[in-house]
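A quick write-up on the structure given underneath.
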Amino acid sequence: MKKFGIALLVAAVLAACNVAVVVEGPPPGLLVTVDDVNGVQAVLPAGAKERFELTVADRPVRVDVYHDEAAAEKELYVKVFDEDGQPYAHTDVRSYFQDADVDLASLAAVGAQDVDVSFPYSVNLPANMGKVYVEVTNQTAASATVTVKAVTRNEVVRRDVAMSNPDTANGETSKGYGGAVLFLGQRDTYVYEGEDNYHLTFSVPEPGTDVLRVRLKLQETGEVFEPGQAVVLLNGDVLEVYAEGDVRAGFCASYDGCSDGIETGEYSLTIEP
């Protein structure tokens with residue numbers, strides 16, 4: 001009882017002295033409800049920032065930031081923080097995002113062409129990320145109306161998939177596998193369980209844009225190979241598909257529940273004799 005009484009006394013003294021009690025943690029933001037079709041809207045003066053917050057539970061979430069008056073790319077700058085206030089990712093158009101600790105390269109440096117500014121500025125967030133803070137900066141000289149929406153999505157990833165060679169005895173000439181790298185740090189893992197000396201080809205929708213790589217583990221060693229390059233497989237080989245270098249945002253159009261209309265994260269693996 002004495003400790004409880006002392007706590008009350010301290011609180012009363014602080015109140016009497018008009019001393020504000022500071023709560024640690026990131027500043028709050030405008031609350032965004034996942035799957036609310038209306039989202040949350042804010043008007044940002046020239047050069048101003050606004051924070052939004054949402055919670056990512058047991059399913060991944062895509063955050064979309066719309067700018068109704070957009071006339072060119074880079075008019076908004078979006079940065080995402082986790083619940084501890086640590087930066088997770090940043091973006092300046094829908095087709096590009098990367099780790100927030102890395103300087104944002106120019107769009108030309110990563111091969112982006114014909115950017116459609118009607119797209120929202122988007123970031124994919126992995127399941128169970130918890131509280132997330134989205135900071136939007138208006139980089140124009142005029143007022144900007146922005147709308148932030150968050151939608152759940154299927155996690156179109158492949159982990160520990162067992163791959164086998166095609167059944168050539170029954171006329172099967174090739175066998176295909178594929179997925180989409182959607183999140184920073186994501187690695188899709190495949191294990192080859194088939195006959196030796198079959199060939200695997202790795203391909204992405206936009207070859208030559210330095211988006212995804214495959215790491216092929218052979219006898220305790222690793223080899224990175226380019227899209228379109230055929231690799232000889234041995235039984236037990238393990239492959240990882242992941243983003244490397246300047247990261248293009250992971251979106252996909254070919255898989256159920258992943259109807260972004262952009263294929264930057266998609267890939268396919270084909271096994272042939």
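The values are calculated or read from the model by the stated rules, or taken from the named source; none is laboratory data. Note that this is a predicted model, so its numbers are computed, not measured. Quick reminder, even Gly has a Cβ in these numbers, built from the backbone with ideal geometry, and neighbours come from all protein chains shown.
The table for this structure:
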| quantity | calculated |
| --- | --- |
| Residue within segment 107-115 that is out of contact with any helix residue (DSSP H, G or I) (no Cβ under 7 Å at 6 or more places or on another chain), modelled with pLDDT of 85 or more and either surrounded by fewer than 21 Cβ atoms within 10 Å (Cβ to Cβ) or closer than 19 Å to A243 by Cβ (or both) present | no |
| Count of residues meeting criterion [within 21 Å of the chain's Cα centre (by Cα), part of a loop (DSSP other than H, G, I, E, B) and surrounded by fewer than 20 Cβ atoms within 10 Å (Cβ to Cβ)] in segment 40-74 | 5 |
| In segment 222-258, the residues that are farther than 18 Å from R159 by Cβ, modelled with pLDDT of 80 or more, part of a loop (DSSP other than H, G, I, E, B) and of a type in the set (A, V, I, L, M, F, W, C) | L234, A249, F251, A253 |
| Condition met for G261 (assigned to a loop (DSSP other than H, G, I, E, B) and more than 15 Å from G178 (Cβ to Cβ)) | yes |
| Any chance R51 is closer than 19 Å to E135 by Cα, modelled with pLDDT of 90 or more, touching a Pro at 6+ places or on another chain (Cβ under 9 Å) and among the charged types (D, E, K, R) | yes |
| The one condition in (1) under 15 Å from the mean Cα position of the chain (by Cα); (2) modelled with pLDDT of 85 or more; (3) crowded, with 20+ Cβ neighbours inside 10 Å that Y96 fails to fulfil | (2) |
